[in-house]
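In what follows, a structure is listed as structure tokens, so that the remarks can point back to it.
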Amino acid sequence: MTETFDVKLDEKHYMPDQRFRETAWTPDYASAYREFLADPEGFWEMLARELDWFEPWDRVREWTPPYARWFTNAKLNITRNCLDRHLTDGCRDKPAIVWRGDAGESRTLTYQQLYEDVTRFANGLAALGVGKGDRVCIYMPLVPEQIVAMLACARIGAVHSVVFGGFGAGALRMRINDAGAKAIITADVGYRRGKIIPLKEIVDEALADAPSVETVIVLNRSGSATPPAGRGVDFAKLLEQSAPGCPAEVMDAEDPLFILYTSGSTGAPKGIVHTCGGYMVGTYYTTKHVFDVKDNDIFWCTADPGWITGHSYVVYGPLATGTTVVITEGTPDYPDPGAFWKLVQDLGVSIFYTAPTAIRMFMKHGEEWPQKYNLSSLRVLGSVGEPLNPEAFEWYYQVIGGSRCPIVDTWWQTETGMHMITTMIGDPMKPGFAGKPVPGVVADVVDREGNPVPPGTGGFLVIKEPWPSMMRTVHGNDERYCTYWNTIPGCYTAGDLAVKDENGYIMVLGRADDLIVVAGHNIGTAEVESALVSHEAVAEAAVIGKPDPLKGNAIKAFVTLCTGCSQSDELTAALAKHVREELGPVAVPSEIEYADRLPKTRSGKIMRRVLKARELGVDPGDISTLEE
Ligand code: 6R9
């Protein structure tokens, strides 16, 4: 770990329209936060009471660090909140899921239809011998059946482990075996940009060495698959043969709901375990309050359910609020870079949540694509996954949001389960800053002893109190869980570096392991990348540190250029000059390399350690999450 360091802060901010404030679920951040601090348990209890439980809790929270239990002894089933609760006259015929396939196919499931499919499939799983506590691996394309499978597991108390459909056989096998999955739910194929992904073949390869798996349920996505043999079961047949109306398994608040693997920087991925009660309350609350979901919203989070963003903000949170969820198998630039904006227009999307990597890609293709479509239905924009650099913020705000929609830049992690830091609707937005801890969360920026650092000084981003949707352990590796809580005394260490301004706004600078110490100065990769991207020719940038005999480390930058721009020595000099003006001479890269694309995780995060390993000719560690 490093020492703290100074960061240059900008004072620019945007005021959202005051009407947002008047109608928002959290109309006044400061008073909501005060209310929470005055009675933290009461704050969460009020939110929990908005949901359906079989039996109430004895205590809201029990905290014996590093272990927390929330809503102790309460009984519930999360699917009753995502489904049954909405089967009222006003809501049962409301679309729950609106799906678009890779080739433009479409399907809509109302809450009633989703309930029927989920309960049928749950009965089918139970008939196959899958029960409470059994682990089920879900490896599917982004089709409604993926969500049906997740909810059906939750209905009967089976613990799902969703593996993103872009992973290969080795990564899949590692996850199946670590979880000890009893069944796997998959499809014959998936589609991506018109290409076929042979999911079932990959599953077969993974299963060559996965002894725990007894059943393989296969969705005939292509419509032309041969019926599964051996331990195989046809998804549609299972659905057809089973009756709807499966009673919801009575789950303890602390029973596991799912395991989700997150990449380790070295070695094997970690199986993050989330539980039923706290996760439900945390995702319901943040979906409703951070995105300000109202009855007639059309909600589109572009993440795949294979990531935590998909779990919390495609499936559980949005369905718990009873909103209409848009999902698409398609990619943002296929068949052309207007694909997403066409969908926003056609479906009247009002809340749109995506990642900075996608925003920067849209920027690269130019304004003319979004300008072809009517985006006036948009009301709230969100960002997640990486720092949203000011350049991308401005573009998103003006070109997509028409300078009308607040942007919620949400900082959180697989481990946190829900949004932790953002700017609540109605509050002034500061480009480059995620914002403040959401009411219910105590976050700070501290030095390695846990002392808060002054504004303008960079340090470690930590959470100081437990929260309902925090991970409970790392599957099969509790020690690894404990390291999150015992690295900095009394705090959950997120592993990110951050800086606060005078008003308590937090800017996330990147992962702590991405910090570069140049001639004694600590420089966050995100700062240099942000400076590079603010140059008109640059689409994306990744920055690494390289050992340097003189300076300790030297900065090397990899950049991709905007459409129509080409590399030259003049451009390299201009970029160096630009960074010098923005950040000062110590942050100027000593090398700038032009690339066609940057190595990223399948969820869109730049993998700097892969660039670094390549540069140094060393082993990059676990690269199972790297895009093809
Ligand atoms: C939700 C998700 C977690 C890491 C996290 C941080 C980065 C996420 C961010 C952000 C800056 C944001 N991150 N959101 N950095 N601003 N708004 O992405 O979970 O895949 O576990 O990644 O992503 O570095 O520590 P996960």
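The values are calculated or read from the model by the stated rules, or taken from the named source; none is laboratory data. In this text the structure is predicted, and so the values were computed from the model without any measurement. Ideal geometry is used to build each Cβ from the backbone, glycine not excepted, and the neighbour counts take in all protein chains shown. Just the protein is used for accessible areas: all its heavy atoms, side chains included, with ligands, DNA and RNA removed. Shrake-Rupley method; radii C 1.70, N 1.55, O 1.52, S 1.80 Å.
General remarks:
- For the range 405-427, a residue qualifies if it is farther than 22 Å from Arg61 by Cβ and modelled with pLDDT of 95 or more, and the qualifying residues are Cys405, Pro406, Ile407, Val408, Asp409, Thr410, Trp411, Thr422, Thr423, Met424.
- Only one entry of Arg192, Arg175, Arg231 meets the criterion of being touching a residue at least 60 places away in the same chain (Cβ under 8 Å), open to solvent by 20 Å² or more (accessible area, probe 1.4 Å) and of a type outside the set (Ser, Thr, Tyr), and that entry is Arg192.
- Taking the range 209-264 and the strands (runs of 3 or more DSSP E) fully enclosed by it, the elements with 3 or more residues that are touching a His at 6+ places or on another chain (Cβ under 7 Å) and closer than 21 Å to His311 by Cβ are at 256-262.
- Of the residues making up the range 588-618, those that are open to solvent by 20 Å² or more (accessible area, probe 1.4 Å) and either among the aromatic types (Phe, Trp, Tyr) or within 16 Å of the ligand (Cβ to nearest atom) (or both) are Tyr594, Lys600, Arg602, Ser603, Lys605, Arg608, Arg609.
- The set of residues in the range 349-366 being more than 11 Å from Tyr396 (Cα to Cα) and among the β-branched types (Val, Ile, Thr) consists of Val349, Ile351, Thr357.
- Residues satisfying the stated conditions in the range 489-504, i.e. open to solvent by less than 10 Å² (accessible area, probe 1.4 Å) and more than 15 Å from the ligand (Cβ to nearest atom): Asp501
- Every residue from the range 109-142 that is hydroxyl-bearing (Ser, Thr, Tyr) and under 26 Å from Lys195 (Cβ atoms): Tyr139
- Residue match in the range 455-462 (condition: away from the ligand (no atom under 12 Å from the Cβ), of a type in the set (S, T, N, Q), over 18 Å from the mean Cα position of the chain (by Cα) and modelled with pLDDT under 95): yes
- Subset of the range 404-422 (residues that are more than 7 Å from the ligand (Cβ to nearest atom), of a type outside the set (Lys, Arg) and open to solvent by 10 Å² or more (accessible area, probe 1.4 Å)): none
- Taking the numbered list (1) over 21 Å from Tyr313 (Cβ atoms); (2) at pLDDT below 95 in turn, Ala126 passes all entries but (2).
- Unique residue being in contact with a Ser or Thr (Cβ under 9 Å, 6 or more places away or on another chain), among the polar types (S, T, N, Q), in contact (Cβ under 8 Å) with a residue 24 or more places away in the chain and open to solvent by 50 Å² or more (accessible area, probe 1.4 Å) when the list is Gln345, Gln371: Gln345
- Members of the range 32-45 found to be more than 13 Å from Phe71 (Cβ to Cβ) and either modelled with pLDDT under 95 or open to solvent by 40 Å² or more (accessible area, probe 1.4 Å) (or both), listed by number: Arg34, Glu35, Leu37, Ala38, Asp39, Pro40
- Screening the candidates Thr287, Thr283, Thr321 for the property of being more than 16 Å from the ligand (Cβ to nearest atom) and either within 16 Å of the chain's Cα centre (by Cα) or not small (Gly, Ala, Ser) (or both) yields one hit, Thr321.
- Inter-residue pairs, beta-carbon under 8 Å, first among the hydroxyl-bearing types (Ser, Thr, Tyr) and in the range 374-388, second near the ligand (Cβ under 6 Å from one of its atoms), 6+ apart: Ser383/Asp409; Ser383/Thr410
- Considering only residues in the range 294-318 that are open to solvent by 10 Å² or more (accessible area, probe 1.4 Å) and of a type outside the set (Asp, Glu), the one that is farthest from the ligand (Cβ to nearest atom) turns out to be Asn296.
- Matching option when the condition is more than 12 Å from the ligand (Cβ to nearest atom) and at pLDDT 90 or above, among Met470, Met507: Met470
- Applying the condition of being within 26 Å of Tyr492 (Cβ to Cβ) and without any contact (Cβ under 8 Å) to a residue 40 or more places away in the chain to the range 50-61 and asking which residue is surrounded by the fewest Cβ atoms within 10 Å (Cβ to Cβ) yields Asp58.
- Restricting the range 559-587 to residues that are open to solvent by 20 Å² or more (accessible area, probe 1.4 Å) and not in a helix (DSSP H, G or I), the residue that is farthest from Pro337 (Cα to Cα): Ser568
- Exactly one residue out of Gly129, Gly101 is under 25 Å from Ile202 (Cα atoms) and outside the structural domain of Ser222 (by TED's automatic domain parsing): that is Gly101.
- Residue check, Ile272 on the phi < 0 side of the Ramachandran plot, open to solvent by less than 10 Å² (accessible area, probe 1.4 Å), within 13 Å of the ligand (Cβ to nearest atom) and not small (Gly, Ala, Ser): yes
- Any chance Ala541 is on the phi < 0 side of the Ramachandran plot, within 16 Å of the ligand (Cβ to nearest atom), touching a Phe, Trp or Tyr at 6+ places or on another chain (Cβ under 9 Å) and at pLDDT 90 or above: yes
- Consider the range 250-265 and keep the residues that are surrounded by fewer than 20 Cβ atoms within 10 Å (Cβ to Cβ) and more than 16 Å from the ligand (Cβ to nearest atom). The one that is farthest from Ser312 (Cα to Cα) is Val250.
Residue-wise test of (1) under 30 Å from Tyr397 (Cβ atoms); (2) under 27 Å from the mean Cα position of the chain (by Cα); (3) not in a loop (DSSP other than H, G, I, E, B).
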site	(1), (2), (3)
Arg19	yes, no, yes
Thr26	yes, yes, no
Met46	no, yes, yes
Trp53	no, yes, no
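- Taken over the range 362-403, the criterion of being of a type in the set (S, T, N, Q) and either modelled with pLDDT of 95 or more or more than 16 Å from the ligand (Cβ to nearest atom) (or both) is satisfied by Gln371, Asn374, Ser376, Ser377, Ser383, Gln398, Ser403.
- Exactly one residue among Glu465, Glu449 is open to solvent by 30 Å² or more (accessible area, probe 1.4 Å), modelled with pLDDT under 95 and more than 14 Å from the ligand (Cβ to nearest atom), and that residue is Glu449.
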